[in-house]
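Below is one structure, written out as structure tokens, with a few remarks after it.
The values are calculated or read from the model by the stated rules, or taken from the named source; none is laboratory data. All figures in this text were calculated on a predicted structure; none of them were measured in a lab. With ideal geometry, Cβ positions are generated from the backbone for all residues, glycine too; neighbour counts draw on all protein chains shown. Note: areas computed on protein heavy atoms with side chains; ligands, DNA, RNA excluded. Shrake-Rupley method; radii C 1.70, N 1.55, O 1.52, S 1.80 Å.
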Amino acid sequence: MDKRYGGKRNGNWNCLLLLIILLVLTVLFLNVLLYVYLEHVYVSPSYPHADPSTCPQGFFKIGNMKNCSAWLNCERINKEVRRLKLVGEGVVKKVYLAEWKEMKVALSQLTIPDLRSDFSHGLRMLKALQSRHVVTLVGYCEENGSILTEYHPLGSLNNLDNTFSLPKYKNVNTWQTRLALAIDYVSIIRYLHNSPLGVLVMCDSNDLDKVLSQYLLTSDFRLVANDLDALPMVDKEKGVLVKCGPREITGDFVAPEQLWPYGSDTEFINNLMPPYDEKTDVWKIPAVTNYLLGHGEGSDIVRFHLFDIHTECKKKNPEERPSAQTILDTYKRIMTLLIKELSVSDVRDML
């Protein structure tokens, strides 16, 4: 009896040991798959700017459209687009919610004729920079100063905290979603610094609120640049730098090189203000990311991992700051690292 009982007990232990070994091997296999997936999604430094689902230049596809359609012209906008209500207003234009073929679109209309050059510049940028990083252009009419783009009901980044406070979005208000938004933001900056037109600087960015207003939050929680009215070009080979407007810029948010360098006792004269390059955008990245991360569970751990790269972004000398590409690569590596650590922690809890 004792031998049989001992044999049965040994058999149970052997089965349990085999199950533990199988579980460990399964966990290792899943971690390998996770590692490969994350390396592919988050770490690869080179990827096409255009979304594979986008249309050729001069065409668009939004909502439930199956085929691409040519950008709407003045005649079609006047005939087919129905304006519904005012949803936003800036210095250059008013933005209306409108409807085209039972789909919601955003209709931007120039409000001050003297600012037509800014309006035309924004339209030119919008047409040339169509990609997954930029809001989809649906049509335009230069005659009456109208631009039609895809409508995103969640609005601009200014509304992010209000959006996450809604019960329906409670489950996506995580550090993973927020860090992914920060990756999107840096991806857009990187795209502008390496755009088909050349090195572009996001000049409508003198304070955090102004920066946030330049980006839209999509329904699947991605970011797209929306306001492209102030994108001057840097060409260092030709000695071309930029100045973000003819007036004095102040505040801690902007880069040091954007501040008047001759002291408060000297009157600001635009011709004496030294120009600068795209590294002004890099200086502002930590502040925008800090806002995007919020103060939920896990956000402080993310900030801890981002501390070193953000310290580099805040170098007083612009030449010592990292490129947007370097920041993007770092963000992606940190996302990969943190998700892998989270998966290992979950496995430990299972065991």
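Asp265 falls short on exactly one of the conditions (1) at pLDDT 95 or above; (2) over 23 Å from Leu306 (Cβ atoms), and that condition is (1). What are the pairs with Cβ atoms under 9 angstrom where one residue, in the stretch 302-314, is more than 14 Å from Leu338 (Cβ to Cβ) and open to solvent by 70 Å² or more (accessible area, probe 1.4 Å) and the other, located anywhere, is of a type in the set (Phe, Trp, Tyr) and part of a helix (DSSP H, G or I)? Sequence gap at least six, or different chains. From the stretch 302-314, the pairs are Lys314/Trp283.
Within the stretch 217-238, the residues that satisfy the criterion of being closer than 25 Å to Ser117 by Cα and open to solvent by less than 60 Å² (accessible area, probe 1.4 Å) are Val224, Ala225, Asn226, Asp227, Leu228, Asp229, Ala230, Leu231, Pro232, Val234, Asp235. Being closer than 29 Å to Ile189 by Cα, of a type in the set (Phe, Trp, Tyr) and at pLDDT 95 or above is a description that does not apply to Trp100. For the stretch 164-186, the criterion of a residue being surrounded by 16 or more Cβ atoms within 10 Å (Cβ to Cβ), under 15 Å from the mean Cα position of the chain (by Cα) and farther than 21 Å from Thr336 by Cα is satisfied by no position.
Here Ser264 does not fit the description of being under 25 Å from the mean Cα position of the chain (by Cα) and among the hydroxyl-bearing types (Ser, Thr, Tyr).
The set of residues in the stretch 255-273 that are open to solvent by less than 50 Å² (accessible area, probe 1.4 Å) and either aromatic (Phe, Trp, Tyr) or in contact with a helix residue (DSSP H, G or I) (Cβ under 7 Å, 6 or more places away or on another chain) (or both) comprises Ala255, Glu257, Gln258, Trp260, Phe268. Tell me, which residue of the stretch 77-111 that is open to solvent by 50 Å² or more (accessible area, probe 1.4 Å) and in contact with a helix residue (DSSP H, G or I) (Cβ under 9 Å, 6 or more places away or on another chain) is nearest to Pro153 (Cα to Cα)? Top of the filtered list is Lys101.
Please determine whether any residue of the stretch 180-197 is without any contact (Cβ under 8 Å) to a residue 60 or more places away in the chain and outside any helix (DSSP H, G or I). No: zero hits.
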